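Scroll down for the structure; my scribbles are underneath it.
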Amino acid sequence: MPVEPHSEIAELAALLCDGELAPDQATRLEELVIASAEARRFVLQYLQLHGELLWDQGGGAGTQRRWTLALDEEFRRAVPSDPRHGLSRPARWVAWAVAASGAVVLLGWLVLAGRPVVREGLGGPVARVAAAVWGEPACGMTALPVGSELFEGQQVQLATGLAEVHFANGARVILEGPARFDLVSRGRLFLHEGRLAAQVPVQAAGFTVGVAGALVIDRGTEFGVLVEPQGPFEVHVLAGCVDLQPEGQNAWAKPAAAAARRLHAGQAVRVVHALPGAMPLFQEIALREERFVWAMPGPQTGSVAGLRRMVTSEPSLIHHYPFEGDSVAQRLADHRGRLHLAEVVMAGGEGAGQLRTGCRGWDPTTRAVRPFRGLARGNSEGVGLQSENLFLPPAEMTVELLLRLDEEAPLDGESVCAAATLQGENGCAFLLAAVGRGRLALRLEDRSDWAFGRPDSATMPGHADFRLIPGDWYYVAATFQTENSHTLASAYAANLSRGERTLHTVLRNQPLAGIVSAGRLGIGKGAGEHSMHAFPWPGELDEVAIYGRILDLATLQRHLAAVLGQGTEP
């Protein structure tokens, strides 16, 4: 039956396009489109027309909507292939974009107004969300509320954070965003991307995690599964054993029983190109229990999201790079000022790699950025970040960030840069760098010596300098106070991976030759001779914050406590 222009669904669609749809109205619109294919077609056509008119009236691509989605096949088929003759390509693109931004109410992929959207044809409930810790929502999503039922056939996307899901058969899993998974049955899920830690009691033995081309079948145990965006996956067995077998009888060119592999406690394996019908490459790897979250954090547990809230409330904050957002442009944006970042290639080229955003950070509430450092000529090959405009440093300044050096990074004799300013003929001011074998260092003039961090003898007895341990995450901060032609610098650091809740004072009012003058801000890179891009950082960087004053040690200590939570030194 055709939808009347003044019907309830037409009025709700108009409110959706105007951005005035209240939560209860969104719920009602969801019910209507789920119940009727005609209603779905009407809403899609209405949104499409709204997008075309918006473009014609000058709304163009600058208009932003509050709703987003990923269209699935059911709704792609419902849309005409050539919906409007005579539309220019840009107008048709914007029409589709606006239509897509409203149609999230039709899908079971995302969450709208605090509750899951369920598509037609889903089965009964097979699991529920037992606990959750949410980071920054992506694409306008809100968090699945604790207690939400998950249904057979439902598809769920977790942008950031943690979700503990209890299955009807007794299995419990903790999923860490970004993750995408399908609820297959009361004892099975399919993990497209992300990581999960499963705890399976004896009565739930047989709980299964499907991945591309394979099944991970539990035999009453604890195990973790990590699926990378490009398809390779890892299985880590903490206790008991699991069977890893082909997805079908003809997979891996053998019968399933012959091709299956059993992994026992303490074993881990990485599988590459596990595609049906092809034998994958198996690589035994070390068990990495720390790569998974086995228990939900308690109320006293800190997080990077907690640090972020504290940082953004600081009045002296002038530039902030949390590296969060749905697009690369959003992730590289300055969230406090207008000093946005862009990718830059080192003087010697990219080095057969690329910079990555949206990487796993210190905890599940954050995403990090990962510059690329070439293997052959690391100092001059790779990709980093640099501000599009000039950075005008204040006379007093604090730089704060989280960082990690790669375990595989060849650091002997190498200099790598986390934050710097490119100062033209004056060279490069290294605000935070690692020199040699990970020695934390600062330098403001090319002709000057490095100022190496030296830990307090009380906190690190027997150590001559402060070295970053490859593979570990650190909280690091440095302060700079300009005095005539030199600068007084202090630096502080703590190993997050090892639970250090007290900052090491590695530099205290150290005089440095030169000043931090105006120039492009470099994140994950510095500059060499003739101001050529160089010294890319080999690892992740996150939560870069620059303040227009010197933050005292007590304030920085509170920032560290926000990350690790209130606890005692281990």
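The values are calculated or read from the model by the stated rules, or taken from the named source; none is laboratory data. Being a predicted model, the structure only gives us computed values, none of them experimental. Positions of Cβ are generated from backbone atoms using ideal geometry, with glycine treated the same way; all protein chains shown enter the neighbour counts.
Scanning the range 408-446 for residues that are modelled with pLDDT under 80 and farther than 17 Å from Asn379 by Cα turns up Gln423, Gly424, Glu425, Asn426.
The residues of the range 366-398 that are within 22 Å of the chain's Cα centre (by Cα) and either under 23 Å from Thr482 (Cβ atoms) or among the aromatic types (Phe, Trp, Tyr) (or both), listed by number, are Phe372, Gln386, Ser387. For the range 261-277, filtered to residues that are in contact with a helix residue (DSSP H, G or I) (Cβ under 9 Å, 6 or more places away or on another chain) and surrounded by 13 or more Cβ atoms within 10 Å (Cβ to Cβ), the residue that is modelled with the highest pLDDT is Leu275. Just one residue in the set Tyr492, Tyr475 is hydroxyl-bearing (Ser, Thr, Tyr), within 25 Å of the chain's Cα centre (by Cα) and crowded, with 16+ Cβ neighbours inside 10 Å; that residue is Tyr475. Checking each residue in the range 531-567 for being surrounded by 21 or more Cβ atoms within 10 Å (Cβ to Cβ) and among the hydroxyl-bearing types (Ser, Thr, Tyr) picks out only Tyr547. If we scan the range 479-495, do we find a residue that is among the acidic types (Asp, Glu) and at pLDDT 95 or above? No, every residue in the range 479-495 fails to be among the acidic types (Asp, Glu) and at pLDDT 95 or above.
For Thr502, the test of being in contact with an Asp or Glu (Cβ under 7 Å, 6 or more places away or on another chain), in the same structural domain as Asn379 (by TED's automatic domain parsing), under 30 Å from Thr365 (Cβ atoms) and of a type in the set (Val, Ile, Thr) is passed. Taken as a whole, the condition of being modelled with pLDDT under 95, under 28 Å from the mean Cα position of the chain (by Cα), among the polar types (S, T, N, Q) and farther than 21 Å from Thr398 by Cβ does not apply to Ser457. Looking across the range 237-252 at every residue that is small (Gly, Ala, Ser) and at pLDDT 80 or above, the one that is surrounded by the fewest Cβ atoms within 10 Å (Cβ to Cβ) is identified as Ala239. Regarding Ile469, is this residue under 23 Å from the mean Cα position of the chain (by Cα) and either modelled with pLDDT under 95 or outside the structural domain of Gly427 (by TED's automatic domain parsing) (or both)? Taking the combined requirement at face value, the residue satisfies it. Out of Gly194, Gly108, Gly187, Gly123, one residue alone is modelled with pLDDT of 90 or more and over 20 Å from Phe233 (Cα atoms). It is Gly187. Beta carbons closer than 6 Å, at least 6 apart along the sequence or on distinct chains, pair a first residue in the range 10-24 that is more than 15 Å from Arg41 (Cα to Cα) with a second that is surrounded by fewer than 16 Cβ atoms within 10 Å (Cβ to Cβ) and modelled with pLDDT of 75 or more for Leu21/Leu15. Scanning the range 375-413 for residues that are free of Cβ contacts under 8 Å to residues at least 60 places away in the same chain and among the small types (Gly, Ala, Ser) gives Ala376, Gly413.
Among the residues of the range 501-520, some residue qualifies, meaning at least one is of a type in the set (D, E, K, R) and within 21 Å of Asn389 (Cβ to Cβ). Any residue that is in contact with a Ser or Thr (Cβ under 7 Å, 6 or more places away or on another chain), within 17 Å of Ile285 (Cβ to Cβ) and hydrophobic (A, V, I, L, M, F, W, C) - is there at least one of those in the range 218-233? Taking every residue of the range 218-233 in turn, none turns out to be in contact with a Ser or Thr (Cβ under 7 Å, 6 or more places away or on another chain), within 17 Å of Ile285 (Cβ to Cβ) and hydrophobic (A, V, I, L, M, F, W, C). Would you confirm, using the coordinates I've provided, whether Ala368 is free of Cβ contacts under 8 Å to residues at least 24 places away in the same chain and of a type in the set (A, V, I, L, M)? In short, no.
The set of residues from the range 341-393 being touching a helix residue (DSSP H, G or I) at 6+ places or on another chain (Cβ under 9 Å) and on the phi > 0 side of the Ramachandran plot comprises just one member, Gly358.
Taken over the range 157-212, the criterion of being in a loop (DSSP other than H, G, I, E, B), surrounded by 22 or more Cβ atoms within 10 Å (Cβ to Cβ) and among the charged types (D, E, K, R) is satisfied by no residue.
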